[in-house]
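Asker: Sharing a structure, written as structure tokens. Questions coming.
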Amino acid sequence: MEARTQMNFEKFFRSVSYAAVFCGFLSLCISGTFGIVSTGLFVAVMISAWQLEGSRWQISERLGTVLIVLALPLFFVAWKMHFLSLAGGETAIAGILSRMILSLAAVKLLQKKSDRDWIFLYLMSFFEVLLAAGLSISALYFASFIFYLLVMTCAMIAFEIRKTARAVENKIADFEPDRRTLISEAPPTVPIRRLPSTALALITFIVLLAVPLFFMLPRVGGAGLGGSDSGRRTSGFSDRVTLGSFGRIRENDEVVMRVKFEGGPAPNRGLYFRGIALDTFDNQTWSKSRASNQSFTKTDNDLIRFDYASSRQDLSVQTIYLEPLDAQILFGLPRIVGVQGNFPMLYRDSFGAISYTRNFERISYKVVSDRSIPSESQLRSDDQPYAREVQNYRDLPPNLDPRIADLATDISSASRNRYDEARAIENYLQTSYGYTLDLKASGDQPVADFLFNVREGHCEYFATAMAVMLRTQGIASRVVTGFHGGEYNDAADVTVVRQRNAHAWVEVYFPENDAWITFDPTPVGGQGAAAGSDAAGISGTVSKYIEAIETFWIQYFVAFDNQEQRGMARSIRDRFVDYQAGIASYFGQTQDLAAEWLSRIRGEKGFDASRDAILRGVAWLAGGLLVVAILAVSWRRLRRSRLWQRVCDRLSRREPPTIVEFYARMERLLAAQGIRRESQQTPLEFATATGVPQAVRLAQKYNSVRFGLNRLTADEAIEIESSLAEIAAGE
């Protein structure tokens, strides 16, 4: 057996089997299930099991079975008694189950393994990958899953070869007892290099078959990864907001949503992804005074329309990939006039918040926002009295500190309209107070404590202070919570919004224009922290591309629903139409050039132009013929070369001649010349008796392959073909 082309099969089998077990463990590590200690312990067990393989120190099968049976009640007791400490990001059931599976796999790794034990290990690794799929949908998990498929396919193929080879050996040994020792000393060998390529070919075939089905079949609500409650994340959004809550949220770097803007990157105007609006304040907490919702269903164009846009020029279309949150709120740039997505029905409350009744899962939807707002002159001239319906936006909390109203009056004393009053208070808060995430303001009147004592806070303190101060001046206002800004990723062409982008701002109502206008009193430093900034350097570049891969995975796999299917179909159709138009334009230009050339040849533009056209045509024709001649000569030489023959053999998967085929051909060629083999002659005796040197060489190759368990190389196959050709020619 040639060392360059073959390796010990048993060692290869153990290698891919251990790799399959490690891939299952790796998928759980990527999902964040284990810490450093658990990871180190399992890796140590794998290394020890590999070193002890085949030695007398391995656990017996009986002891392994006892340990596995005892593991189940022990883990149950440990869970009930809270002996196991779990990572903060995992659920209790997933953490206990993953540790139990790894413990069972560790026991099997350390014991003497039969075929049933290897199958048990394969099943454990499969359950680990399956469990990790419910805990993580990252692109890194997807990469580990592809690697797991390749390794597991190799392991299963090797397992079947090993099992079949043993069965064949046992049968041969039963019929030929004298060969039992020879068989036991010759372990089964196969061309190991072909196993990974075979596994890769199988996976490629499966992917080619599955990908069209994946992109064509309709999606079912709740299907796919990340559709369970265990994956939801706290966003801090509810129908009540207590002062001080955003400080904790803003320290969280988890991704909330990824936003893709149609027509290019995010617009330059401030990005305020509106969530909910609150109108009632009791000195400490904001809430909604009315909980009524109006339902909306899809129209003929699959769009759920809430309002009509003032013009098409100021429309902004955003595709949002929303992570699982603990609030059933759809975010989007104000003013949302329509939503397109896999929703049978949506709801809008009287404050403009859009909600849905769907399980906590990853969703994607498209938002159409009307970004047009009245001009400053229109807002300054808006002095229409407020109607009774908006009185709730002017109500003040009981026992409000009177200093707040006095401060608002002093700030807005020079203003002559609502708009200037709002701008004056906004500017005062932005420039006179500091931004901090520390919760310093307290007491029964935290707004007064913020304004007159602490003089620094975070966004909901600024928003609350402005809204209350405006109400003391009789101006209708409300606090809005959502997300502000985000990080634009040019590699993925998306804006990534994280929980630290959670923000609160103010909306002021102008009745004559029937418009709610956004004001943000938070200092610019606080708004910058909310908006986020792109990381610089090598780490920033790496993070950017990792985020781009993550976005691609979520966009085309996790959140790929019927809406995305229709979008892809439209994109393919548009590209095909553009391709057709390009071809038609190319042929049109070619036809025009040909017509121009013919007109010049006919002399329509003078003798000189006709002469130049004829010479140019002759030159092009001669150049074309020369290129064709060069290509023809090169092709003939290439086909005669030995390299071309090897490439053709490899592409056509032509195997070297088998031991029966080339020796049988030699016998037929010699028989045609009157030289026949006697029944008592061995192959080498017959070849020697013929006196043909080529026959002797072929017989030696035959013995080497047939009884030496060797395989023919490509050079040997060419040499055999040459010898057969010489015998046929009678040389």
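Asker: Using a basic spin-label model with each label point 7 Å from the Cα along Cα→Cβ, how many nm lie between I203 and Q700?
Answerer: 4.4 nm
Asker: Using a Förster distance of 22 Å, how high is the FRET efficiency between E254 and I549, based on the Cβ-Cβ distance and rounded to 0.05? Don't skip to the answer; put the middle values down first.
Answerer: Working: r = 18 Å, r/R0 = 0.81.
Step by step, r from the Cβ atoms, then E = 0.80.
Asker: Return the sequence-ordered ³J(HN,Hα) values of the range 432-443 in whole Hz as given by the Karplus equation 6.51 cos²θ - 1.76 cosθ + 1.60 applied to θ = phi - 60°, using x for Gly and Pro.
Answerer: 9, 10, x, 9, 8, 8, 6, 8, 10, 5, 7, x
Asker: With r as the distance between the Cβ atoms of A165 and A405 and R0 = 60 Å, compute the FRET efficiency 1/(1 + (r/R0)^6) and round to 0.05.
Answerer: Details: r = 91 Å, r/R0 = 1.52.
My answer for the efficiency is 0.05.
Asker: Okay, moving on. Would you mind computing Rg(Cα) / (2.2 N^0.38 Å) for the range 310-367, counting N as its residues?
Answerer: Ratio of Rg to 2.2 N^0.38 Å for the range 310-367: 1.14.
Asker: Say each of I538 and Q378 gets a label point 7 Å from the Cα, pointing the same way as Cα to Cβ; how far apart are those two points in nm?
Answerer: Rounded to a tenth, the inter-label distance reads 5.4 nm.
Asker: Still on this structure, I have one more. Would you work out which of I411, Q473, L437 lies farthest towards the positive end of the dipole of the range 387-501? Charges go on Cβ: Lys and Arg +1, Asp and Glu -1.
Answerer: Sorting the options by dipole projection puts first Q473.
Asker: Continuing with this model, one more query. Would you mind getting the accessible area per residue of the range 333-423, heavy atoms of the protein chains only, 1.4 Å probe, in Å²?
Answerer: Ligands and nucleic acids excluded, the figure is 49 Å² per residue.
Asker: OK, next. I need the peptides 474-486, 273-285, 677-689 ranked by packing, meaning the mean over residues of other C-beta atoms within 10 angstrom, with the highest value on top.
Answerer: Details: 474-486: 23.2, 273-285: 20.3, 677-689: 13.8.
Those peptides, ordered most packed to least, come out 474-486, 273-285, 677-689.
Asker: Using the per-residue mean of other Cβ atoms lying within 10 Å as a proxy for protection, in what order, highest first, do the peptides 112-121, 15-24, 608-617 fall?
Answerer: On the way: 112-121: 15.8, 15-24: 21.9, 608-617: 13.6.
Final packing ranking: 15-24, 112-121, 608-617.
Asker: Give, in nm to one decimal, the length gained when the segment between F452 and D326 is fully stretched (0.36 nm per residue of separation minus the Cα-Cα distance).
Answerer: Values: separation 126, 0.36 × 126 = 45.36 nm, distance 3.55 nm.
That pair, F452 and D326, stretches by 41.8 nm at full extension.
Asker: N293 versus R616, label points 7 Å from Cα toward the beta carbon: distance in nm?
Answerer: Here the modelled spin labels are 7.1 nm apart.
Asker: If you don't mind, another one. So if R0 is 22 Å, what FRET efficiency would E716 and R640 give, r being the distance between their Cβ atoms, rounded to the nearest 0.05? It would help to have the intermediate numbers written out before the result.
Answerer: Numbers: r = 21 Å, r/R0 = 0.96.
FRET efficiency, E716 to R640: 0.55.
Asker: Using only alpha-carbon positions, what ratio does the radius of gyration of the range 351-441 give when scaled by 2.2 N^0.38 Å? Display every interim value, and only then the final one.
Answerer: Numbers: Rg = 18.9 Å, N = 91, 2.2 N^0.38 = 12.2 Å.
Working it through for the range 351-441, the quotient is 1.55.
Asker: Determine, for each peptide in 499-511, 321-333, 711-723, the mean count of other beta carbons within 10 angstrom over its residues, then list the peptides with the highest first.
Answerer: 499-511, 321-333, 711-723
Asker: Assuming 0.36 nm per residue, please report the length gained on full extension of the stretch E10 to K112 beyond their Cα-Cα distance. All intermediate terms of the calculation are to be shown ahead of the outcome.
Answerer: On the way: separation 102, 0.36 × 102 = 36.72 nm, distance 1.45 nm.
35.3 nm is the gain from fully extending E10 to K112.
The values are calculated or read from the model by the stated rules, or taken from the named source; none is laboratory data. Nothing here was measured: the structure is a model prediction, and the numbers come from that model. Note that each Cβ is placed from the backbone with ideal geometry, even for glycine, and that neighbours are counted across all protein chains shown. Heavy atoms of the whole protein, side chains included, go into the accessibility calculation; ligands, DNA and RNA do not. Shrake-Rupley method; radii C 1.70, N 1.55, O 1.52, S 1.80 Å.
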